[in-house]
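Report on the structure given below.
What follows draws every value from the coordinates through simple rules; no lab data is involved. The shown structure was predicted, so the numbers you read here are calculated from the model rather than taken from an experiment. Glycine gets a Cβ as well: all are built from the backbone with ideal geometry, and neighbour counts include every protein chain shown.
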Amino acid sequence: MGRGRIILAALLALAFSACASRPHGTLVATHQVAPGASVVDLLVVTTRQPDDSEPGVMFSGERGHGVHFADIAVSIPPDASRVIGEVQWPEGPTPNPAIQFATVRAEVLSREAALADFNARIRKTPKRQVLLFVHGFNTRFEEAVYRFAQIVHDSRADVTPVLFTWPSRGRLLQYGYDHESASYSRDALERVLQALQRDRDVGEISILAHSMGNWVTLEALRQMAIRNGKIGSKIQNIMLAAPDVDFDVFRRQIAEIGIRPSVFTLFASRDDDALAASRRFWGNTRLGAVDPRAQPYQEILDRDQVRVVDLTGIASSDPLEHSKFAASPEVVRSIGARLAQGQPLRDGQAGVGDQLGLATAGAVSAVGGVAGAAVAAPFAIVDPATRENLSEHLGAAGQKLDPQY
């Protein structure tokens with residue numbers, strides 16, 4: 001059996017074994033918060049079909065007409081009782097908020113109410129910064145809600161979080177439907193981005209897209225650039241996490257979007273089994289699985305000024321290594337550290353490895369030598385500025401950086 005079939009078989013086995021444990025009907029408001037728990041307030045924008053057939057569902061995986069809005073507050077257990085980077089999924093509509101995620105508030109809003117609620121929140125946010133999250137394939141509505149709440153909490157980012165959720169049926173064998181649903185939602189996402197750009201209360205927009213969510217994100221940005229001549233000036237960070245996008249298609253998309261230094265950051269990993277399966281399905285390299293040091297990828301990414309964070313080898317709680325950006329405590333907190341400064345993921349002469357909060361100098365002195373630097377700053381290997389900084393640190397310690405870095 002070839003590696004592709006092995007990966008697909010593993011994905012199927014994992015999916016079917018996990019079906020019984022996936023959350024369902026958990027968005028029932030408890031109006032309770034355990035002592036020491038945190039609450040994340042999310043504004044939700046969705047192209048999903050509303051579903052009031054049973055409590056705690058709110059929206060299905062079917063395609064809705066128009067755009068719908070919701071206000072959802074999620075309680076997250078105290079850090080002492082959970083693993084950072086993981087979602088402690090609620091068991092049913094009445095979870096224990098001391099050890100599980102729980103829905104405190106869940107309400108469908110009109111467009112007018114959603115806009116008023118958003119503006120009230122953004123005015124209280126430092127630097128009036130929005131973090132817009134677009135989830136990936138095989139994601140139910142409530143899973144998107146809880147995952148984004150986890151990202152916001154664990155990143156410690158002081159932002160106004162907005163979840164854009166498109167109609168994924170949340171089934172492994174509905175890959176084609178999900179991909180078409182992402183395309184179905186690109187106009188709506190563009191309208192959201194246009195509205196945020198025009199909103200006088202918004203100071204800065206950061207976008208975090210995962211997996212197939214990168215497809216709808218890049219398509220919406222491409223349309224925005226064609227319509228306006230450029231993407232919005234308030235869009236300062238576009239983070240592409242494990243993008244399930246054909247590399248050649250991405251080249252065309254970014255050509256239309258235009259080159260803006262320090263705006264795009266790609267989180268890639270060559271040990272991502274989900275993207276390996278996707279490559280088998282599509283027959284071409286996925287953007288999130290490229291080797292950024294190999295040609296032609298390095299030349300193209302450098303030319304288009306796309307910053308790359310190489311997560312290959314980074315440990316996370318995700319068995320498929322597809323959600324490292326959120327499931328690795330170090331990575332998700334480093335993203336939050338950069339968002340807190342309200343700047344792109346690279347500025348000045350510091351490299352991505354440094355800017356993500358992994359201090360190479362301290363790591364070298366604490367662990368010692370090239371091995372310590374590689375463990376502490378694995379992101380740094382693809383960023384020339386960080387390589388230079390790392391060489392200086394190693395030179396001061398009497399070490400020499402291996403040419404492969």
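Structure notes:
- Sorting 123-129, 312-318 by average packing, meaning the other beta carbons within 10 Å per residue, from highest down gives 312-318, 123-129.
- Ascending count of other beta-carbon atoms within 10 Å, so fewest first, for Val57, Val152, Val45: Val57, Val45, Val152
- Residues His31, His24 arranged by fewest to most Cβ contacts within 10 Å: His31, His24
- Percent of C-alpha pairs per 10 Å bin in the range 96-200, short distances first: 12, 38, 38, 12, 0.
- Over 17 Å [Cα-Cα, the range 53-119], rounded percent: 56
- Point-to-point label distance, Glu112-Val83, nm (Cα→Cβ direction, 7 Å offset): 4.8
- Relative contact order for the range 96-204, counting Cα pairs under 8 Å that sit 6 or more residues apart, in percent: 32
- Across all C-alpha atoms in the range 3-344, the radius of gyration and Dmax reach 18.8, 54 Å.
- Here the range 120-174 is treated as an ellipsoid with the same Cα gyration tensor; its semi-axes, largest first and in whole Å, are 26, 11, 7.
- Likely footprinting exposure, Ser53, Ser81, Ser233, Ser278, fewest C-beta neighbours within 10 Å first: Ser53, Ser233, Ser81, Ser278
- Residues whose amide H lies under 5 Å from that of Leu132, counting only those 5 or more places away or on a different chain, are Val162, Ser206, Ile207, Leu208; hydrogens are built 1.01 Å from N in the peptide plane.
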